[in-house]
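Below is one structure, written out as structure tokens, with a few remarks after it.
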Amino acid sequence: AQKVTQAQTEISVVEKEDVTLDCVYETRDTTYYLFWYKQPPSGELVFLIRRNSFDEQNEISGRYSWNFQKSTSSFNFTITASQVVDSAVYFCALNSQDSSYKLIFGSGTRLLVRP
Amino acid sequence: DTGVSQDPRHKITKRGQNVTFRCDPISEHNRLYWYRQTLGQGPEFLTYFQNEAQLEKSRLLSDRFSAERPKGSFSTLEIQRTEQGDSAMYLCASGSAGTGGRWVTGELFFGEGSRLTVL
């Protein structure tokens with residue numbers, strides 16, 4: 001069975017602080033994909049990144065960076081110099097061919113960035 | 001707007017009533033998924049369609065739930081005899097899958113959801 005764990009329920013930081021959201025996953029598939037989605041108060045899930053299991057290169061996009069470590073089954077997400085607009089719930093998710101490519105989500109981490 | 005749209009955005013109903021939600025996916029997408037999200041939880045898979053065929057249903061989808069996607073375009077999710085435990089956000093997502101079901105688009109595009117409150 002596949003599983004995604006986001007142990008941090010809620011994180012509160014002051015603006016301009018760096019923050020890392022943790023994600024640990026479980027799967028028996030050799031080929032799989034990892035995702036991060038952002039859910040602002042409006043409710044829509046906004047896609048941030050997709051990573052396949054063969055690509056362990058870290059990725060940086062502006063203030064966002066992702067650290068994929070297969071050895072620890074983790075796919076952590078770091079926001080540098082956080083801003084109030086980053087306040088949202090962030091979900092890590094996993095899919096694979098064995099799961100019919102349906103997304104398996106973690107329970108989410110609520111990030112509050114205070115001015 | 002060429003994104004995924006859902007209607008209605010909010011629905012308040014009394015226990016025992018039937019409700020129906022509609023999802024209009026991105027037009028060129030052949031895959032359509034329904035998810036349910038309760039407060040403080042991540043979305044949970046309910047069912048998905050490849051074109052008009054419903055290929056998988058979760059155990060969460062009781063007999064009171066039915067989903068359709070006639071002609072492979074829009075989809076409806078109906079809940080009969082609603083219960084208070086059905087209160088949740090119902091999310092629709094679409095994507096494009098190629099041979100073997102692998103996604104072509106690389107992601108699912110989500111709508112803003114339909115929030116159901118059962119009194």
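The values are calculated or read from the model by the stated rules, or taken from the named source; none is laboratory data. The structure presented is a predicted model; accordingly, all values stated were derived computationally and were not measured. So basically every Cβ, Gly included, is an ideal-geometry build from the backbone, and we count neighbours across all protein chains shown.
Annotations for the structure displayed:
- In region A:46-55, the count of residues that are modelled with pLDDT of 95 or more, within 13 Å of chain B (Cβ to nearest Cβ), closer than 30 Å to B:Q6 by Cα and surrounded by 13 or more Cβ atoms within 10 Å (Cβ to Cβ) is zero.
- Among residues of region A:6-45 being within 12 Å of chain B (Cβ to nearest Cβ) and hydrophobic (A, V, I, L, M, F, W, C), the one that is nearest to B:W34 (Cα to Cα) is A:L45.
- Breaking point among (1) assigned to a strand (DSSP E or B); (2) farther than 22 Å from B:M89 by Cβ, for A:L111: (2)
- Conditions (1) modelled with pLDDT under 90; (2) within 11 Å of the chain's Cα centre (by Cα); (3) not acidic (D, E); number of the one not met by A:Y64: (1)
- Scan of region B:12-36 for residues that are away from every other protein chain (no Cβ under 14 Å), charged (D, E, K, R) and either crowded, with 18+ Cβ neighbours inside 10 Å or in a strand (DSSP E or B) (or both), ordered by number: B:R22, B:D24
- Counted residues, region B:80-119 - those being more than 10 Å from chain A (Cβ to nearest Cβ) and either at pLDDT 95 or above or not in a loop (DSSP other than H, G, I, E, B) (or both): 17
- Among the residues of region A:1-28, those that are part of a loop (DSSP other than H, G, I, E, B), of a type outside the set (K, R) and either more than 27 Å from A:Q97 (Cβ to Cβ) or touching a Pro at 6+ places or on another chain (Cβ under 7 Å) (or both) comprise A:A7, A:Q8, A:T9, A:E15, A:E17, A:D18.
- Residues that are in contact with an Asp or Glu (Cβ under 6 Å, 6 or more places away or on another chain), free of Cβ contacts under 8 Å to residues at least 12 places away in the same chain and over 21 Å from A:S12 (Cα atoms), drawn from region A:32-86: A:E44
- Region B:2-19, residues that are of a type in the set (G, A, S) and at negative phi: B:G3, B:S5
- Selection status of A:F68, crowded, with 18+ Cβ neighbours inside 10 Å, more than 14 Å from chain B (Cβ to nearest Cβ) and of a type in the set (A, V, I, L, M, F, W, C): yes
- The requirement of being within 14 Å of chain B (Cβ to nearest Cβ), more than 24 Å from A:T27 (Cα to Cα) and assigned to a strand (DSSP E or B) is fulfilled somewhere in region A:80-96, by at least one residue.
- You will find that of B:L77, B:L46, the residue that is in contact (Cβ under 8 Å) with a residue 24 or more places away in the chain, more than 13 Å from every other protein chain (Cβ to nearest Cβ) and not in a loop (DSSP other than H, G, I, E, B) is B:L77 and no other.
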